[in-house]
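Have a look at the structure below, then the notes.
Just so you know, all these numbers are worked out from the coordinates, no wet-lab data involved. Remember, it's a predicted structure, so these values are computed and weren't measured experimentally. With ideal geometry, Cβ positions are generated from the backbone for all residues, glycine too; neighbour counts draw on all protein chains shown.
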């Protein structure tokens, strides 16, 4: 009975944690809010601190029951804290996803803005037109800037508060609005620079992936190298010294 208790605790925690229960919960909330103005949003289990601590605590309690005594108590604390940190690190980073989406869509947006300005549209109209052609989250960002520009805000005020990924684009349009500099060549150059940086980063990721792929192969050959190369050498030197 005592041996089955840790497994039972882990099973209960996983039942609460697994995506299936989250799906059921979202469906129930959607049915409850069907006749209201509520906007049910999907919840990520890994982003819920209570569920993280529940699963980590169940694992720690299971370790305590399996080991027992002082060692079990220490193991419970370590497993609980370490498990919660691992689960928190595995939670999706929405800010990182938004930054990646902005970097991915920025070159196309710059080229579309250059085309709209070349056709004679004002900056606010060009931003609104491009906002309707690019996906989120860049569309919402450009729509905010376009709305502020149409209400008479100066370029620097209209671009205030935008994320760092749009700093270069904001700098180009602010300079064009304040000094009258041509924005089209700068926008096209920015699009090319952004694409070049993305290609360089992708190549670096591929090279790092190649190193990580070869690492397990090196670990497989390491014992043979130690046994056939290092150990005989050490034994030979030890024999000469001690003999």
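The Kirkwood radius of segment 96-195, taken over pairs of alpha-carbon atoms, gives through the Stokes-Einstein law at 10 °C and 1.306 mPa s a diffusion coefficient of 121 µm² s⁻¹. Per-peptide packing, taken as the mean over residues of other Cβ atoms within 10 Å, places 206-213, 140-147, 64-71 in the sequence 140-147, 64-71, 206-213 from highest down. Scoring 183-193, 151-161, 217-227 by mean Cβ neighbours within 10 Å over their residues and listing the highest first yields 183-193, 151-161, 217-227. The spacing between segment 103-149 and segment 69-86, judged by their C-alpha centroids, is 51 Å.
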